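Beneath this line is the structure, given in C-alpha cells, with notes to follow.
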Amino acid sequence: MEQTSNPGVDREVFERVWRRVMPEDRGDCPFTLAEEAAPQADNLPALAAAPVLSESAESSCLGPASAPAGAALRAYIDDELADWRQYQTLARRTPGGGGRTLAAVAADERRHAKKLSTVYFLITGVRYWPEGKGGQNPAPLHAALRERFWAEQQGAASYRAAAAEAADSCLKELFEELAGEEESHAWAIRGVLEQL
C-alpha cells in the first residue's frame, strides 16, 4: 500500500536529503533545486518548490525515465521486509552462532529494503515503507532454513534478471549488488545448517 503524505513535507525531506548528497549545484547534475517560492498572501507557509529537472534528467540515474520500475521496486521492498521478519524469527529459534548469523542476515534484508525504498522515493517522490506482520515460520527449523536457502537463490536470480533489463545504470548497479548479497545469504544459511 503506498503511503503518501503532505507534498510539502515530502518536498522538504527530498530537499534536505538532496542538499546532504549534493551540497552545491553542479553543471553535470541532472537537476537543481529551485528557489523557495515567496510567502503566500494569506500568510500560510509556502511549500518548497519542486526540483527543476533538466532535459538530461529523462535519461539520468534514478530519474523519471525509471518510473516504470516502480511496481517492481515496491514488490522487492515487500519481499525484503518479509525476509527481514522471517530471519528475525529464525534467529531467535537458532542456537549459538547460527542465531547470530541469521540476525546479521536479517539486518542485511532490512538494509536492502531501505535502499530500495530510497530509490523508489528518488524516482517517484513517494515514500513507500509498508507495515507488516511478524515473520512467523512454524515449519521445523531445518525445513525453514532449507526454504530460506532456496528463496535466497531465487532472489538473487530475480535481481540479476532485473539488472539485465534495467535501462537505468544506477538501478542496474543496485540490482547486481543485491543479487550478490542474496547469494552470500544462501551460503550463510548453508553454514548455519552445517552447524546444527
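Tabulated values for the structure
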| read-out | value |
| --- | --- |
| Positions within region 101-115 being farther than 18 Å from Gly132 by Cα, surrounded by 20 or more Cβ atoms within 10 Å (Cβ to Cβ) and not β-branched (Val, Ile, Thr), in sequence order | Leu102 |
| Sole exception among (1) part of a helix (DSSP H, G or I); (2) more than 16 Å from Ala75 (Cβ to Cβ) for Ala157, by number | (2) |
| Of the criteria (1) of a type in the set (Lys, Arg); (2) more than 20 Å from Glu181 (Cβ to Cβ); (3) in a helix (DSSP H, G or I), which one Arg148 fails | (2) |
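A quick yes/no check of all residues on (1) assigned to a loop (DSSP other than H, G, I, E, B); (2) under 29 Å from Gln195 (Cβ atoms); (3) within 10 Å of the chain's Cα centre (by Cα):
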residue	(1), (2), (3)
Ala69	no, no, no
Gly98	no, yes, no
Ala103	no, yes, no
Ala107	no, yes, no
Leu116	no, no, yes
Tyr120	no, no, yes
Ile123	no, no, no
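Each value in this text was obtained by applying a stated rule to the coordinates, not by laboratory testing. The structure presented is a predicted model; accordingly, all values stated were derived computationally and were not measured. For neighbour counting, all protein chains shown are included, and Cβ atoms are generated from backbone atoms with ideal geometry for every residue, glycine included.
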